[in-house]
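Here is the structure we will look at.
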Amino acid sequence: MGNFAANEGLSVFVILVWLGINAYLFVQFYLNFLVERWFYTRVLLGQALSWARAPAACLNFNCMLILLPVCRNLLSLLRGTIQLCSRTAARQLDRNITFHKLVAYMIAFHTAVHIVAHLFNFEYFMDAQLNRDPNWLPFVLSDIGNGDGLAYLNPIRTNETNPTIVMFTTIAGLTGVAITLALILIITSSMEVIRRSYFEVFWYTHHLFVIFFIGLVFHGYGRIVRGQTPKSLMTNKPKDCADDFKYWGNSTTCAVPEFAGNPPGTWKWVVAPMFLYVCERMVRLYRSCQKVVITKVVMHPSKTLELQMKRKGFHMEVGQYVFIKCPSISRLEWHPFTLTSAPEEDFFSAHIRIVGDWTQALYEACGGDKTETQEAWQLPSVAIDGPFGTASEDVFRYEVVMLVGAGIGVTPFASILKSVWYKRIQNNQDVFTKKIYFYWLCPETEAFEWFADLLQVLENQMTEKGVTDFLSYNIYLTRWKETEAAHFRVHHEAENDPITGLKQKTLYGKPNWDNEFTNIATTHPGTKVGVFLCGPPQLGKSLEKQCHSHSESDVKFIFNKENF
């Protein structure tokens, strides 16, 4: 329980506060529309009035939050500031995308409730106009304002129309349709299967948020939902006059009620985050205009492209990532890639696995499909936004570290291991981290090749310096063919591994995480162990569960996962 609090306590607290504010706003605004001012509106609409307005308040709150988790530069600034005070608090910023998704789901939920309630409202408005009975209060209320057109209550002013026409001829109707369509496209295109297979669809539809926010700001300007004015409440008190509606205007105590809508207030909620996001985009634009030079291109096996680049004033930390744009492929698309270089190097690099249309186009633009070497002037120009912080920045703040990478997810750990080599082996610097356990899970042998070179250098250097106990690494091949298995059996007794060329032999299958965590806990009593993962969600759930179950009073495993 103690480790769960250490790993998840602050996250749970933040989520509970967020849910609590949503619940408070919903209840408060629901009750706000049960007061005397809205009595006559409720005569027309019943409880659907409150059911429409309460989720609208929650929508304003969540739309205020939705942009903040994707302001990457703001988060990097906050991360650096908060980290000085609390590592636990800084780790919450690494879950920005998760919170972004939760807020989006909440927006979708309240939008659905808001729409359904207003569908009922429009039917009630229409019924009040169609049933033209002067002895029926809803019709009398609907008929108010026909003379001056200002003090009306029912926005449907005639019985010769229908709710569909009103929907497409009013500000509230048009903006509501635009908001809803934009939201549906944004959410559906964000599904994992679409985002993974058709990233361009996800990327372009997500920019419909511009239409969403424009529609949101102007949605309330029509003032369709109207209540009795304060001045009118002095001359027509509903509890005294509602039953005497036939004598309104003919009595000294009950005048004809007047109505007005609330002034639009959504802009008050979203103007600050919109301003921050505009500043964010301006910073990105400035960075994208800075010149980036590709100094080297390396084609690794298993269709992995390595780009080594330079940009004036570029500074990075281990485990950080950048967004890359190649204007010759697309002027709008930016794709995130972890930096695989170390801060001590005079360039920065990214390893890019060719898995989609954009990466394939970049691979071809860099000459990956050609046999001859590309000249420097033939290489495409690229723009870089970043670097941005991740959980891996904290790796040297733990005395004992577990690094777990799956497939291409090993890239942030390339930066860490390179930095370890520069700090501890080459420069003899003393670092707080005393032991690193590195696990790499790969489904195919080709994926080992580009990273095995780095491990071989580290292995040789550690042997020469006599610090072989600093890094323990385990490489797992999770899938293999029968012919490969036979070859491995023949060469198993060789001094170096037949796949990687390392002295440490490749293991087959998947790690027994229970045994691994138990051994580390036994070997390092009284320490906090940082567990860092860059891999699939299923593996993340398994490691997080192990962190919780193996943490005791003297040993705590702190789980960190890459999210970008």
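The values are calculated or read from the model by the stated rules, or taken from the named source; none is laboratory data. Computed from a predicted model, the values in this text were never measured in an experiment. Using ideal geometry, Cβ is built from the backbone for each residue, glycine included, and neighbour counts are taken over all protein chains shown. When the accessible area is computed, the model is the full protein with side chains, heavy atoms only, and any ligands, DNA or RNA have been set aside. Shrake-Rupley method; radii C 1.70, N 1.55, O 1.52, S 1.80 Å.
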Over the range 199-312, what percent of the accessible surface lies on carbon and sulfur atoms, probe 1.4 Å?
-> 65 percent
Ignoring ligands and nucleic acids, what accessible area does Leu102 show with a 1.4 Å probe (Å², nearest 10)?
-> 60 Å²
For Lys101, Lys325, write out the residues from largest to smallest accessible area, computed with a 1.4 angstrom probe and no ligands counted.
-> Lys101, Lys325
Sorted by chain and number, the residues with a modelled amide H under 5 Å from that of Thr527, at a separation of 5 or more or across chains, are Lys556
Report, by chain and number, residues whose modeled amide H sits under 5 Å from the one on Leu441, excluding near sequence neighbours (fewer than 5 apart, same chain).
-> Gly405, Ala406, Gly407, Tyr476
Sorted by accessible area with a 1.4 angstrom probe, largest first, how do Thr252, Thr338, Thr523 fall?
-> Thr252, Thr523, Thr338
For every other residue with a beta carbon closer than 14 angstrom to the beta carbon of Trp136, add +1 if it is Lys or Arg and -1 if Asp or Glu, then tell me the sum.
-> -2
Note down the net charge around Ile187, summing +1 for each Lys or Arg and -1 for each Asp or Glu among other residues with Cβ under 15 Å from its Cβ.
-> +1
Env charge @ Met316, Cβ radius under 11 Å, K,R +1 / D,E -1, value -3
With x for Gly and Pro, the residue-by-residue ³J(HN,Hα) of the range 229-236, computed from phi through the Karplus equation 6.51 cos²θ - 1.76 cosθ + 1.60 at θ = phi - 60° and given in whole Hz, is 6, x, 5, 5, 5, 6, 10, 8
With a ≥ b ≥ c the root eigenvalues of the C-alpha gyration tensor of the range 277-356, is it rounded (a/c under 1.5), prolate (a/b larger than b/c) or oblate?
-> oblate
In square angstrom, rounded to the nearest 10, how much accessible surface does Leu31 have for a 1.4 Å probe?
-> 90 Å²
Flagged links, alpha-carbon separation over 32 Å, of Lys312/Lys556; Lys310/Lys370; Lys370/Lys418; Lys418/Lys545; Lys418/Lys541 | Lys312/Lys556
On average, how much accessible surface per residue is there in the range 263-384, in Å², for a 1.4 Å probe, leaving out ligands, DNA and RNA?
-> 51 Å²
Output the relative contact order of the range 213-370, whole-number percent, from Cα pairs under 8 angstrom with separation of 6+ residues.
-> 16 percent
Per residue, in Å², the accessible surface of the range 152-217 once ligands and nucleic acids are set aside, probe 1.4 Å | 54 Å²
Listed residue pairs exceeding 22 Å between alpha carbons, taken from Lys434/Lys528; Lys303/Lys510; Lys101/Lys325 | Lys303/Lys510; Lys101/Lys325
Per the 1.4 Å probe, what fraction of the accessible area of the range 313-426, in percent, lies on carbon and sulfur atoms?
-> 46 percent
Measure of exposure for Glu544: accessible area at 1.4 Å probe, Å² rounded to 10, is 50 Å²
Per-residue accessible area, 1.4 Å probe, largest first, puts Leu19, Leu74 in the order Leu19, Leu74
Column: log10 I(q)/I(0), Debye, Cα scatterers of the range 290-432, q = 0.11, 0.19 Å⁻¹ | -0.43, -1.16
Taking the range 25-67 as the region of interest, what is the percent of Cα-Cα pairs per 10 angstrom bin, listed from the shortest bin to the one with the maximum distance?
-> 31, 45, 18, 5
